[in-house]
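**Q** Would you mind keeping the following structure in view while I ask a few things?
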Amino acid sequence: MPQDILPFGHQLQILGTCLLLAIAFWKGDSPEKLCNLVGGLTIILDIIYHIIFGHAVFNHIDIGHLVIDSLAALAFLLIATQANRMYPLWLASWQMIAVTAHLIRLVDPAISRPVYGVMIIAPSYAEMLILATGLFLHIRRVKIHGSYRSWRRSTNPSSAIFPSARQPN
């Protein structure tokens, strides 16, 4: 896309995301694929949002980005609670910074425009570094130790909470 439509930093982010997504689908397991897919879908939704509504709004809360950021945070949180990895927790944390920035803007409209802008944009760059690091560490771990579980194991439901879940003797 031309420079005047999409800033250079955003172009680099799209290129990096595409590269990470390709590597994740080539070398990664389910958590790597899902985390990178969430990152890719977030960028796609952002582009669609800007095509429809124009440039980002920093004068007041940006509802479109609040929705996109909240969906990404929810997805990262769901992955983080089930994945046998630590980096999805970092992704969820950084995404929550962006969501919190929107909520701060809602509560205090006087927050400066540049601060609001940095708080909603910077987490996406940190997330790219985390995605790249998580993917690299996964590939390295598989190379050194072999395949390992992608997801945490579930335990049987507690019989104290679910009496019908008791195991037969």
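**Q** Of all residues in the stretch 128-157 being surrounded by fewer than 10 Cβ atoms within 10 Å (Cβ to Cβ) and either assigned to a helix (DSSP H, G or I) or in contact with a helix residue (DSSP H, G or I) (Cβ under 8 Å, 6 or more places away or on another chain) (or both), which is modelled with the lowest pLDDT?
**A** Top of the filtered list is Asn156.
**Q** Shifting gears a bit: Name every residue in the stretch 24-58 that is in a helix (DSSP H, G or I) and of a type in the set (Gly, Ala, Ser), in order of residue number.
**A** Hits for the stretch 24-58 are Ala24, Ser30, Gly39, Gly40.
**Q** Next question. In the stretch 100-127, how many residues are surrounded by fewer than 19 Cβ atoms within 10 Å (Cβ to Cβ) and assigned to a helix (DSSP H, G or I)?
**A** So the answer is 15.
**Q** Among the numbered criteria (1) surrounded by 15 or more Cβ atoms within 10 Å (Cβ to Cβ); (2) within 27 Å of Tyr49 (Cβ to Cβ); (3) modelled with pLDDT of 95 or more, which single criterion is violated by Ala83?
**A** With (1) surrounded by 15 or more Cβ atoms within 10 Å (Cβ to Cβ); (2) within 27 Å of Tyr49 (Cβ to Cβ); (3) modelled with pLDDT of 95 or more applied to Ala83, the lone miss is (2).
**Q** Please work out which one of (1) farther than 27 Å from Thr133 by Cα; (2) part of a loop (DSSP other than H, G, I, E, B) is the condition Arg85 fails and give its number.
**A** Exception for Arg85: condition (1).
**Q** Here's something else I'd like to know. With the checklist (1) within 14 Å of Ile121 (Cα to Cα); (2) modelled with pLDDT under 95; (3) in a helix (DSSP H, G or I) in hand, flag the one item Ile61 doesn't pass.
**A** (3)
**Q** Name the pairs: first residue in the stretch 97-108 and in contact (Cβ under 8 Å) with a residue 12 or more places away in the chain, second residue surrounded by 13 or more Cβ atoms within 10 Å (Cβ to Cβ) and not in a helix (DSSP H, G or I), Cβ to Cβ under 8 Å, at least 6 apart or on different chains?
**A** His102/Ile61; His102/Asp62; Ile104/Ile111; Arg105/Ile61; Arg105/Asp62; Arg105/Ile111; Leu106/Ile61
**Q** Any residue that is among the polar types (S, T, N, Q), in contact (Cβ under 8 Å) with a residue 40 or more places away in the chain and surrounded by fewer than 19 Cβ atoms within 10 Å (Cβ to Cβ) - is there at least one of those in the stretch 47-64?
**A** yes
**Q** Then there is this: Being farther than 14 Å from Ser124 by Cα, buried (at least 16 other Cβ atoms within 10 Å of the Cβ) and either touching a residue at least 24 places away in the same chain (Cβ under 8 Å) or within 16 Å of the chain's Cα centre (by Cα) (or both) is the requirement here; does Asp69 meet it?
**A** The answer is no for Asp69.
The values are calculated or read from the model by the stated rules, or taken from the named source; none is laboratory data. None of these values were measured; they are calculated from a predicted model. Because the Cβ atoms are built from the backbone with ideal geometry, glycine has one as well, and the counts that use them run over all protein chains shown.
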